[in-house]
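Input: a single structure, listed below in structure tokens.
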Amino acid sequence: MTAVDDAPTREDYIHFLNIPTRWMDNDIYGHVNNVVYYSYFDTVINKYLIAQGGLDIANDTVVGIAVETHCQFMRSLQFPDSIDAGLRVGRLGNSSVRYEIGLFKQGDDAIAAAGYFVHVFVARDSQTPVPIPHGIHAALELLTA
């Protein structure tokens, strides 16, 4: 486990997306529920793939599926916080990518959560691994740390 002192900083991330929290994100303890952090991860990744890589989530024949995820919680987030989700690529292969994500309360330099998400790109119909499409691969190269 990484100590907060050794945690990534804003400067460690290449791309950011602002994500507002929602009232329903909070749990009974008054902070964003742990499972919601993964939806923030998914949001920053897929928004980037669509906007920068040209991913057509409804029609592309090649899609990325999650095969591994991890999240380390360091500080609580809560509604009505707005989150800056930082994104970088830790490893880019032929058919897989490891995204690294940092969640920061907007305007705060202290990281709230750090994690990763591994996608394997597969043919939508057969679910067999295939090379990452060129446009997506090129967009992911821009995020390589």
**Item:** Relative packing of peptides 51-57, 80-86 - highest average C-beta neighbours within 10 Å first
**Value:** 80-86, 51-57
**Complete:** In whole angstrom, largest first, the equivalent ellipsoid semi-axes that the Cα gyration tensor gives for the chain are 27, 16, 13
**Asked** Over the range 9-141, what relative contact order in percent results from Cα pairs under 8 Å that are six or more residues apart?
**Response** 31
**Request:** Relative to the longest principal axis of the C-alpha atoms of the chain, give the angle of the C-alpha long axis of helix 34-53, reported between 0 and 90° and rounded to the nearest 10°.
**Result:** 40
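Throughout, read-outs are computed from the coordinates displayed, never taken from laboratory work. The structure presented is a predicted model; accordingly, all values stated were derived computationally and were not measured. For neighbour counting, all protein chains shown are included, and Cβ atoms are generated from backbone atoms with ideal geometry for every residue, glycine included.
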